[in-house]
Structures are given as C-alpha cells and as structure tokens.
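Encoded as structure tokens, the structure appears first; notes follow it.
The values are calculated or read from the model by the stated rules, or taken from the named source; none is laboratory data. As the structure is a computational prediction, the values presented were derived from the model and not from experiment. Counting neighbours? That spans all protein chains shown, and the Cβs are built from the backbone with ideal geometry, glycine included.
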Amino acid sequence: MGRRRRPVDPAAGARAGALPEAIAALSQSLPSGPSPEIFRRAKFDRPEATPALWQLLFRVLAPLPLDNRLASLAPEVQARLVKSALRSQGYPRLALAQLPEDGSQGSRELLLALSWLLARGPVLEQMLAQTRVPLGDEMTVCQCEALASPGPPAPQVRAEDPVDVRHVQWLMGKLRFRWRQLVSSQQEQCTLLSKIHLYTSGCHGDHSLGHLSVAEAEMLRDPEGGQQLLRTLECENRRLEAVLAWRRTELVFWRWMDTVLDTCVLGVPAAASQGTFLPQIPECSGGVLELVAWELRALQEELQEAAEHRRAAWEAKAGGCGRGPEWSAVRRASREAVEKELGALRRCWEQDRDPAQPHVPHRLVRREDGAAGDRDLRAAEVIRTLRSQEACLEAVLHQLQGQCRQELARLAGALPGLIWIPPPGR
Amino acid sequence: MLPRDCSRRLMAELQGALDACAERQLQLEQSLRVCRRLLQAWEPTETRASEPPPGPETNEEDPSPACAPSPQDLKELEFLTQALEKAVRVRRSITMAGETDKAPSLKSRSTVAPPGAIAFAPPQTPGQAGGHASDTRPTKGSCQTTVPPKGHSERQLLSLGDKTRVRTGARAPRPGPGLRDQQMAPSAAPKAPKAFTLKEKGHLLRLPAAFRKMASQNASLWAQLSSMQTSDSTDATAAKTQFLQNMQTASGGPQPRLSAQEVEAETGRLWKACTLLRLRMREELSAAPMDWMQEYRCLLTLEGLQAMVGQCLHRLQELRAAVAEQPPRPCPMGRPPRASPSCGGGADPAWSPQLLVYSSAQELQTLAALRLRVAMLDQQIHLEKVLMTELLPVVRATQLQGPPWLTLCRAAHSLLCEGGARILTVLRDDPVD
C-alpha cells in the first residue's frame, strides 16, 4: 500500500514511515496549513500548537471568500465562531465547548475536531474548488448563486423607524430597474464573450477547447498579469498533488487518530454549559421550514383536486369496462411502471449528489456543430430545462398574485362607494 | 405608516435583494471591462508597464463616474477624432506612393520620434499615459501607432480625454490601419505596424508553452481528483467511519440530535422534492392522454405524487418537532439558508473539468438570459411571499378610513398583484342624489 520513499523504519515497522508522509501531504493541502510538527505536538496536547489549530479550523469553517471582516477578527472571536460552527454541525464532543478561547490549551481536542471535519466530508477538495483558478469562461447552470444575498447582513442596526408603504414601492421600483440593468449587461457580456471566442478560434493547443477564453486572452494581452496567473496556477497544482498524495496515504492517518482519541481522558463532565454568547443571525432555519411547509401544502391541495377530478372522470368512463383477467393484468403493469418512475423521481431528491451536477461551473466552449462529449452539457438541453423551470416559477408567481388579488378584493369590497379600476393588462 | 417590526423585516429583505443585484451587476461590469479591453486594439507592452494598476477603486470604465465628462467635452473629442482620422486618410493618400510595405522595424523608431510627437492614444483606450513615444517589441502582434502632433489643442484635448477617461464606445471605429509616422522622410520610413485587434489577428495567437503545460497538468490533476473521489477506497472510508463512531462514543455527550446543518440539508431535500413533484405534476396535467391506458397511468401518477407529497409533509412535521424541542443553533458564519425552490442545493462535489457547449452567440444569449430570468423569478417569488406575510395582515388590521387606507390598499395591490409594475386607480363613486 502506497509508495514508501524511505527505507523501512526499523523502530516502528513498515507502516510508520507512511505517517509523516500523510501528515506532510495534509499540511500541504490545507491553505496556509500548519507544519507537520504542529500535528505531532497536538497529539501530546502541547499548548504551543493551539493557536495554529484554532486559526486552521477557522479557515476551514469560514465561508469563502474570506473577506476582510472575517479575517481581521480577534483570535478569541474566531475561536468562539469555530465553537459555534462546530456545534451547529453536530460535533459530538463537549470538551471543545469548554476550551478556553485564548489559545492556551486544548490542541489535542482541536486536532480531533479537525479530523472529525475531514472524516465527514471532502473538505480539502471543497476548499480547493472554492479557491480554484478559473482558466475558462465559466457558467454554472444552476443559478442559485447568481442572485444569492451576499452573506449575513452587516451588523450595524438598520433604521428601525416605521416606514411608509410608498417607500417600499419606491424600493421595489429600484429593484426592478436593477433587474433591467442586469439583463442588458448580461446580454452585452454574452455578445462580447461570443466574439472573443469566435475571433480566437483555432489557436488553442487543446483541440477539444478550440478557442481562447477571456482569462487566456487577457494573459496574452497583459504578460505581467499572465505571470501572476501562472504562479497561482502553480500553487494550485502543488496543492492538488498534495491532496492526491493525502488520499493515497490517509488510511494510516486515521489509524493514528484512533490512538490520539484513546489518549484522551474519558469522563468529560456530562452537563456542559452551552450558554456561551454567540452572535446571532436574524434568519433561522425555522422560517425556511415554514416556507417549505407552505409550498408542500399548496402542492398537496392542487394534486388532490387534480387527482380527484381525474379519478371521477376515469370511474365514469371506464367503470363499465369488463373486469376480465387481461384488464387486471394491464392495470398491474401500469401500476408497476408508475411505481418505478416515481421511485426514480424520489431518488432524485434523496441522494445528495445529483448526477447532472448543475452546481458545478462548466467551461463555455463555442463549437459550430455543437458536438459535446458524454459529460459535457449542451446549451440546447440546458435551455430546455431552464425554460421549464421558468414556466414553473411563473405559474407559482401568478398563483400567488392571484391569491393576493382575491384577498385584497375581499378587503376592499368591504368599503362601499369606491370603484377600483385595475391597471390595464399587459 | 407600517408597524415597526414589519418595516424592519421588509427593509431587510428588500435591501438584501438590492444588494444581491448590485453585487451581480458589479461582477458583470468587471467582466465587461475586461472583455471590451480585449476587443479593442491592444496596447503595446511598454506602455502597459507604466499603466497604473487598476485597483478596485479606480473604475476606469465606470458608466456613471463621479467626474463625468460634460457632453460638451465629449462632443469636442468626437469632432477632433474625426478630424484627425480624416487628416490621416488625406496624408496617407498623399504619401502612398512613397511608402513600401515593410515589416515593422523598431530600431529606427526611437531615433525618429521627435520630441513633440505624442503617442496618439485613441480615445477608446483610456488610462494610457499619453505623451510618450514608445517602442514596441515583437510580442505577439502588439504594436503601436503614432501620429505627428497637430498642435497644441490636440494635446490638450487628449489629455482631457485621459483625465475624463472618456469612452466613445467599444465599437467606435478604430484609428484606421496604419497611422504612419509622417515626420520621417518617406524613404526612411519604417512601417508603423497595424494596431493589433483580436478580430483581425486573434487566430494567430498562441499560448506560451509554460502555461499550456501547467494548464494541462492542472486539468489532469483535477480529473484524477474527481475520479478518486467517486471511487473512494473502501479501506479509507471504513477507517473514517470507525473514527467517527469512536468519536461519538468517546464524547460522553447526549445522543446525537439533529444539528442545524442536518436540518438545513433535510429542508433542502424537501425543497427539491417539492419542485420536482410540482414539475412532474405539470407534465402530467399538460399531457393529453391518447387512450384509456395512458389516462389510467396519468391518474395513477397523480395519485402517486399526492401520496409522496403526503410523505414529505409527514417528514417535515417530524423535522419541525425535532427543531422545536431542541432548537439547533444556527451557524453564525455560514450563508443564511437561502432556500431557492428551483435548485436542490446538494452537497458540493469537487470540481471536475466539464464543458458547456454552445453553437452561436444567439444561443449563448438565450441561455444566459434564461438563467438570469429564473434567478430573478426566484427572487421575486421570495419577495412576494415576504410581502404577503407582512403587508396583508397590516391591510386587514388597519381600521383607517379615507386616504391613508386607500394609499395603503393601492400600494399593497401594486406590490402584491402587479409586482410593483402598475398601480390601480380608485374612484370615489358619489351617489347621485
């Protein structure tokens, strides 16, 4: 298993030689990772390893891009945020919550926390993907990030004065204007992008790509920037190699972590105080659950109505049909087919990893014939999907607006002596 | 006036939406800057070194700069550009006979540039430090154009152009090919090379070898990584699971309850379920069954979908109960759970190089426009729900009569039913005596 670069270690057996390799790979693949020495010290709970591990955990848990606000927080605040983040992810050990935040002790616990995160998911790969250098012109098909709100709102308290509803109208108008701006800017960008691709077709070394991307053309136009790009690319390649090396050698790391866990003193006091003050965010998942509940209930009503209607129509039409054996065989076959389809549908949302991967950014490539490989997406198909999504969303919006119209008509109708003239339709 | 907490929530939501749009607009404009610059004539490498590095503050092509050039200046600059181009054309026709077509020779340039010569910076390339005759090197086709000074006014206006960073449009006609240096005697005239444009010479570009090597290494490493992830070694997975279990048992803490992240993930799955079910329902309802067997299948599907929705609701009740009894602390650092109904929001797999192939500019535009439209619809629906939960109770509750209530009603109608686009009219119907 694995390649062993050094001769068999006489003291600890053949496997031990792979551990430093694994730890070195891990430390190289982490952004500004701590030196392998820190890991070793942490096993023995040495205090000097603690600050580096707090910082590392913060880097791993904080959302990227790491803006100045987060990066410039004091170490104590960072430690507190780390604790809170770990708890929200369900970190089982209570000892972490009790660690002092000044970085004076607890390196072993922090090492355990780091390993816990690494064991649960592809943390290193995700971090790499977030800081990736995009060489091509990229587009994510799924637009959930396109207009996502930029992180938690600024901590300053907004004006809490009561607001006139006309101010709300004005803001809405402003939003509509920004939408229109976005549309026209987007159109222009597509035109330009398409031109750049067209004009540089045929000059890329990689024939599957065929033309340059904006980043590549920019590199040619501005050699200094190009050097910068090259350096960043080199760094990324090194980290990629480190992660691959880590994946090859990580088994021995996990065995080692088991020993670290064993050295921990059991008998942590059960009742840990969870009363540390934590910065709150205004939105909590309770609100989202309510929205989902609302949607599901609305959907249920629609389905109920439709299904009952169809069932009644069916009974009326086919109720008189014979109940011969062939009829029941056909019915069974239909039932099985429908069950299979619906089962596939269910799998779509139950498994986390969507095979279509619409979230992964794809590199835009212009080809006259539009030919695409197996794993590539074709624009025409994506357009179809998006159109159906658009239709669905429009239906939802109209339905909501219709509900409001009815409600407002009811409320306004209570007031006699007024004529309400709706605005001219589209 | 709306009640205080209602105002606060509405403001927060609207401001969030506005900020999101602003951020996206910023990204687009940045990208547009780069693209426009690429499509114009490329500046030579020499002047690039002296170009001030564009920081985030110096928005050179800011569409609405604080120091907006006055329309007067713009017009003058436009006239001057045209006059200069005309002069060049005239001169070229005069000296056409004497000039031969030579490859750009560079050495004689420096001797020739008289002190008064200015590098004619076309107004489309702002930010260039105009006013120094520059050399070019035979880089990949970058070249320099020069023109003799035409007097003081020109220099003034060009420096004005620099200061105000005027852009007369990305696709304004570029200075015609081969503005020649007219100061030199025709016999010794080296050819001023044509301005390099992507349109004419783009297909001649070649990426440097070092970059190509590094980029292909990068692509292959990513591919290795993603294939390694999908075919995870069972030994390592087993070791990890074992470790996690050990952690759990060694913690001595309470039984694992649902963490905030798990609730979020589950909620996301339910969202996705809702969307998929709804889409499927629409498909079934819009399909016209041909025969009774299809009708039967359609009926079964609808009933099946109904059952699935029921199951989802049941799961949601369970989640709600779990959340209520032990409210999971929300993560203060993560993104607020932006539940968008159109996307499932699954776990992020590692990136792997994949392509999105398009075949024409039209197709790309349609694709991008649709994508933006879906995102905007998402946002609009979210706002609609927020407005409904906030405004309708206010309208119901107010017992005002007369103009204030009418204002509120009209505003509510406009926001809720017309997306803020149109406003209805209210007429008082005075009874005729």
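For the stretch B:1-36, name all the residues that are more than 7 Å from chain A (Cβ to nearest Cβ) and at pLDDT below 90. B:5, B:6, B:9, B:13 - these are the residues of the stretch B:1-36 that are more than 7 Å from chain A (Cβ to nearest Cβ) and at pLDDT below 90. For the stretch A:225-263, a residue qualifies if it is acidic (Asp, Glu) and either touching a helix residue (DSSP H, G or I) at 6+ places or on another chain (Cβ under 7 Å) or more than 9 Å from chain B (Cβ to nearest Cβ) (or both), and the qualifying residues are A:234, A:236, A:241, A:250, A:258. Within the stretch B:262-320, the set of residues being within 30 Å of residue A:91 (Cα to Cα), polar (S, T, N, Q) and at the interface with another protein chain (Cβ under 7 Å from one of its Cβ atoms) comprises just one member, B:267. Farther than 14 Å from residue A:334 by Cβ and either loosely packed, with under 15 Cβ neighbours inside 10 Å or out of contact with any Pro (no Cβ under 6 Å at 6 or more places or on another chain) (or both): does that describe residue B:278? Yes: the conditions hold for residue B:278. Take the residues in the stretch B:378-427 that are among the hydrophobic types (A, V, I, L, M, F, W, C) and part of a loop (DSSP other than H, G, I, E, B); name whichever of them is farthest from the other protein chains (Cβ to nearest Cβ). Result: B:400. Tallying residues that are of a type in the set (Ser, Thr, Tyr) and either part of a helix (DSSP H, G or I) or in contact with a Lys or Arg (Cβ under 8 Å, 6 or more places away or on another chain) (or both) within the stretch A:98-144 yields 2. One residue alone among A:202, A:173 is among the small types (Gly, Ala, Ser), assigned to a loop (DSSP other than H, G, I, E, B) and surrounded by fewer than 19 Cβ atoms within 10 Å (Cβ to Cβ), and that residue is A:202. The lone criterion from (1) surrounded by fewer than 19 Cβ atoms within 10 Å (Cβ to Cβ); (2) assigned by the TED database to the domain that holds residue B:22; (3) within 24 Å of residue A:406 (Cβ to Cβ) left unmet by residue B:403 is number (3).
All of A:375, A:384, A:366 fail the test of being of a type in the set (Lys, Arg) and more than 8 Å from chain B (Cβ to nearest Cβ), apart from A:384. When residue A:185 is tested against (1) touching a Gly at 6+ places or on another chain (Cβ under 7 Å); (2) at the interface with another protein chain (Cβ under 7 Å from one of its Cβ atoms); (3) at pLDDT 85 or above, only condition (1) is not met.
Kindly state which helices (runs of 4 or more DSSP H) lie completely within the stretch B:168-272 and contain at least 1 residues that are of a type in the set (Val, Ile, Thr) and at pLDDT below 85. Those helices (runs of 4 or more DSSP H) span B:209-230, B:234-251. The selection criterion, being surrounded by 14 or more Cβ atoms within 10 Å (Cβ to Cβ), of a type outside the set (A, V, I, L, M, F, W, C) and at pLDDT 85 or above, holds for residue A:28. Contact map, the stretch B:421-433: residues that are surrounded by 10 or more Cβ atoms within 10 Å (Cβ to Cβ) paired with residues that are at pLDDT below 75, Cβ distance under 8 Å, separation 6+ or inter-chain. Pairs shown: B:429/A:417. Scanning the stretch A:398-426 for residues that are of a type outside the set (S, T, N, Q), closer than 22 Å to residue B:378 by Cβ and more than 7 Å from chain B (Cβ to nearest Cβ) yields A:398, A:402, A:426. Is it the case, given these coordinates, that residue A:336 is at pLDDT 90 or above and facing chain B (nearest Cβ under 7 Å)? In short, no.
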